[in-house]
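Below: one structure, written as structure tokens.
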Amino acid sequence: MGNLGKKMLYLSRADVESLNLSIPEIISCLEMMFIEKANQRVEMPPKPAIHTNGDAFLHAMPAFIPKIKSAGMKWVGGYPENHKRGLPYITGLLVLNEVETGVPYVLMDCTWITAIRTAAATALTAKYLARPDSNTLAILGCGVQGRYNLETLNEIFPLLKVKVHDISEEISRRYVVDMGSRLDLDIEIANNPKQAVSDADIIVTAGPFLMDPKPVIPFDWIKAGALVCPIDLDSYVKPDVFSKSDFLCTDDLNQFNHFKANGLFQSCPDGIAELCDVVTGRVVGRKNGSQVISAINIGLALEDMAVAPIVYKRATEKKIGVWLDL
């Protein structure tokens, strides 16, 4: 870091995406981080939020992973109405600071990192909690997360059938054409959520976060042995999905309890498991092929800080980005 204290590298969204980091290396970064987390070798407070407009949110997400000297913060927003303005739902910036001095050395767009690390967390969760022979996937919500979750799960499981549903039929059709040709998969449009989830081994709900959700998926639609991954929190699945699941897991208990104290996940019992303990084997997740498991990944700043350093390293190696004076 010859520019330390003098310059900071800026990476645009196009810069970050051009680096072509692979899905396996992203999943590997997250697996390393969860092992560090299980051993209490990380620092991350629950993310605070402000709400400027209806269901929109802005989150401040700081974290520190000493093993890879990654300290920083993501400032990220999710605005469900942005598509009407030709803007992405998720936007924001991520900054990394040098751990010895606190000096910022890279500022990057966080849209791609947020998308890929969220989906990679789903894949890592499924690696440990889905049935190993899972081959049927349901995707509810065919936006960015619907796409990335399909890509990451396709790296872990030999998917034979994918059923998708979106409130927009046009978005569903586009998804089938784009993702089916890209991944050479059999993708079918479901006419309704029940048709999508009823025979799925893995269910991913990927709609927007809603302050006043009207969930549509009850527990009795879910087959025995399924893994449910509601990455849109409790916007798509009904409370009984959580209360009747055989095993519940979250990516961070402190953050989960913070959200629960603010009105979410009221049907969840106390003392649910943490993903990091499942990854390290301290907690046994799936005990048999008939358990229904719900994995509530809220999204961690630690995931961003696990991925951001390799983005910076690859960018400097390829001489991508613009150096800005501090």
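Computed from the coordinates by the stated procedures, all read-outs in this text should not be read as laboratory data. Note that the structure is predicted; figures quoted are calculated from it, not measured. Please note: Cβ atoms are built from the backbone with ideal geometry, for glycine as well, and neighbour counts cover all protein chains shown.
Just a few scattered comments:
- Normalised convex hull volume, the stretch 129-300, alpha-carbon set, Å³ per residue: 107
- Beta bridges by DSSP in the chain, antiparallel share as percent, to the nearest 5: 50
- Site pair E170 and I189 shows an inter-label distance of 1.2 nm when each label is modelled 7 Å from Cα along Cα→Cβ.
- 3J(HN,Hα) along the stretch 279-285: 4, 7, x, 5, 10, 7, x Hz, from the Karplus curve 6.51 cos²θ - 1.76 cosθ + 1.60 with θ = phi - 60°, whole Hz, x for Gly and Pro.
- Cut-off 20 Å (backbone N to label point 7 Å along Cα→Cβ of K223), residues of the stretch 172-188: 185-188
- Placing dummy labels 7 Å off each Cα toward the beta-carbon, the span from V216 to Q40 is 4.5 nm.
- Estimated vicinal HN-Hα couplings, Hz - the stretch 139-147 in sequence order (Karplus 6.51, -1.76, 1.60; Gly, Pro = x): 10, 9, x, 9, x, 4, 5, x, 6
- Pairs of Cα atoms nearer than 8 Å and 6+ residues apart set the relative contact order; for the chain it is 22 percent.
- Theoretical gain in end-to-end length, V283 to K244 [0.36 nm per residue, Cα-Cα removed]: 12.1 nm
- Added length on full extension, which subtracts the Cα-Cα distance from 0.36 nm per residue, D270 to N254: 4.6 nm
- Packing here is the average count of other Cβ atoms within 10 Å per residue, and on that basis the peptides 233-241, 136-144, highest first, run 136-144, 233-241.
- Burial order of peptide ranges 108-120, 59-71, 169-181 (average beta-carbon count within 10 Å, highest first): 108-120, 59-71, 169-181
- Among (i) 20.7; (ii) 21.9; (iii) 20.1, the entry that matches Kirkwood radius over Cα pairs in Å as calculated here: (iii)
- Centre separation in Å (Cα based) which lies between the stretch 150-164 and the stretch 54-93: 26
- The C-alpha atoms of the chain define a longest principal axis, and helix 23-38 lies at about 90 degrees to it.
- Simple spin-label estimate for D199 and T101 gives 6.1 nm between the two label positions (7 Å along the Cα-to-Cβ direction from each Cα).
- Sparse-neighbour loop sites [trypsin sites (Lys or Arg not before Pro); the stretch 228-326; at most 13 other C-beta within 10 Å; DSSP]: R282, K287, K319
- Label-zone membership for the stretch 84-109, site N262, 7 angstrom Cα→C-beta point, backbone N under 11 Å: none
- When the GluC sites (Glu not before Pro) in the stretch 34-130 are filtered for DSSP coil states and for at most 16 other beta-carbon atoms within 10 Å of their beta-carbon, the remaining sites are E98, E100.
- Counting neighbouring Cβ atoms within 10 Å and putting the fewest first, the residues L253, L183 line up as L183, L253.
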